[in-house]
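The values are calculated or read from the model by the stated rules, or taken from the named source; none is laboratory data. This structure is a prediction, so every number in the text was calculated from the model and none was measured. Note: ideal-geometry Cβ built from the backbone for every residue, glycine included; neighbour counts use all protein chains shown.
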Amino acid sequence: MVIDSPPVRRRNLIGLTPLIDVVFILLVFFMLASSFLDWRSIALSLPGEGGEPSSDTPPLVVRIASDGVLTLDGENMELAELERRLSTLLGEDPARAVIIRPADDVSLQRIVQVVDRLSAAGGSNMTLNREGR
Amino acid sequence: MRMPEPPRRDQGENVIPLINIVFLLLIFFMLAGTLTRPDLFNVEPPETVRGIETDLPEEGVILMDANGRLAFEEEELALEALGPRLEQWLADDPERPLVLKADAGVPAHRLMDVMDVLRAAGADRLTLLTNPAER
């Protein structure tokens, strides 16, 4: 028995290679150009020049020293302790203003960490202000 | 007698699964990622646990890197030039939301300088962009 007919090769009408090239290029473009970062936002109010927003109760002042020590109304405390104190204080008056006064060289990460915990404690009216003003 | 020639596999058939996967990847990256314009300089925003989920805003973004370089609307500015630029931007609508995308390492005094400029330009609210902390 002689079989000498080679299998019929069907040629693709359109070459696949250019298509793959283009798709790969698109893939690489989208991989490089797209970002998968989630974004969160924290709202801060910029206080007016003159006085703090008037409220019956004086604002709570949280100071952040350059070594990261936190002070609430003159008393040093840890972040967890501060959160507990503030949630008690803000439980009584949720609209009470909280002023955060970081020292000059405190990094934004530390400030945001404190703001984060304070908003967890129920702070809704938070302002950042310069130390010593 | 000639042995039957081993059937040659069509080259195109081998490639089809590959194309399928590449197409799937392409569609994944097109749908899951968001195309963003790269920032003028590298900024790594601080991390938060809370905070409201937001999309990256298209306009009104003040960019600030760890060395205090500033940019507004894709344009690098000095601190002194930021004020007039912001006033102009806020002129038609003083309530336009301003967003600060600042590096986690920015020291507080630089932040305060920018906030003073914002306040002087008439803005009264500022949104700070952060990334969620990885757990």
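Every residue in the stretch A:85-112 that is part of a helix (DSSP H, G or I), free of Cβ contacts under 8 Å to residues at least 40 places away in the same chain and touching a strand residue (DSSP E or B) at 6+ places or on another chain (Cβ under 9 Å), please.
Residues satisfying the conditions are A:85, A:86, A:89, A:90, A:108, A:109.
Kindly indicate whether residue B:69 is basic (Lys, Arg), surrounded by 14 or more Cβ atoms within 10 Å (Cβ to Cβ) and touching a Lys or Arg at 6+ places or on another chain (Cβ under 8 Å).
no
Determine which member of the set B:81, B:71, B:102 is within 12 Å of chain A (Cβ to nearest Cβ) and either closer than 16 Å to residue A:111 by Cβ or not hydroxyl-bearing (Ser, Thr, Tyr) (or both).
B:102
Quick one: is residue B:54 over 19 Å from residue B:128 (Cα atoms) and in contact with a Ser or Thr (Cβ under 9 Å, 6 or more places away or on another chain)?
Taking the combined requirement at face value, the residue does not satisfy it.
Please enumerate the residues belonging to the stretch B:38-52 that are within 16 Å of residue A:42 (Cα to Cα) and in contact (Cβ under 8 Å) with a residue 12 or more places away in the chain.
Matches in the stretch B:38-52: B:44, B:45, B:46, B:47, B:48, B:49, B:51.
Going through the stretch B:105-126 one residue at a time, which ones are facing another protein chain (nearest Cβ under 9 Å) and in a loop (DSSP other than H, G, I, E, B)?
The answer is B:105, B:106, B:123, B:124.
Looking at residue B:54, is it within 10 Å of chain A (Cβ to nearest Cβ), within 30 Å of residue A:19 (Cα to Cα), surrounded by fewer than 19 Cβ atoms within 10 Å (Cβ to Cβ) and among the polar types (S, T, N, Q)?
no
Go through the stretch A:21-64 and count every residue that is at pLDDT 80 or above and more than 29 Å from the chain's Cα centre (by Cα).
Residues flagged as at pLDDT 80 or above and more than 29 Å from the chain's Cα centre (by Cα) within the stretch A:21-64 amount to 7.
Just checking, how many residues over the stretch B:10-27 are outside any helix (DSSP H, G or I) and at pLDDT 90 or above?
Residues of the stretch B:10-27 that are outside any helix (DSSP H, G or I), as a first pass: B:10.
Keeping just the survivors that are at pLDDT 90 or above gives none.
The number of residues fulfilling the criteria is 0.
List, please: which pairs have Cβ atoms under 8 Å, are six or more places apart or on different chains, and start with a residue in the stretch B:107-122 that is within 11 Å of residue A:106 (Cβ to Cβ) and end with one that is assigned to a helix (DSSP H, G or I)?
Once the first residue is within 11 Å of residue A:106 (Cβ to Cβ) and sits in the stretch B:107-122, its partners that are assigned to a helix (DSSP H, G or I) give B:107/A:108; B:108/A:108; B:108/A:111; B:111/A:108; B:111/A:111.
Please give the number of the condition residue B:105 fails out of (1) under 20 Å from residue A:43 (Cα atoms); (2) buried (at least 17 other Cβ atoms within 10 Å of the Cβ).
All conditions pass for residue B:105, except number (2).
Would you check which residues across the stretch B:56-74 are under 26 Å from residue B:93 (Cβ atoms), outside any strand (DSSP E or B) and in contact (Cβ under 8 Å) with a residue 12 or more places away in the chain and list them?
Passing the criteria: B:56, B:57, B:59, B:60, B:73, B:74.
Is it the case that some residue within the stretch A:87-98 is touching a Pro at 6+ places or on another chain (Cβ under 9 Å), of a type outside the set (Gly, Ala, Ser) and under 30 Å from residue B:97 (Cβ atoms)?
For the stretch A:87-98, residues touching a Pro at 6+ places or on another chain (Cβ under 9 Å), of a type outside the set (Gly, Ala, Ser) and under 30 Å from residue B:97 (Cβ atoms): present.
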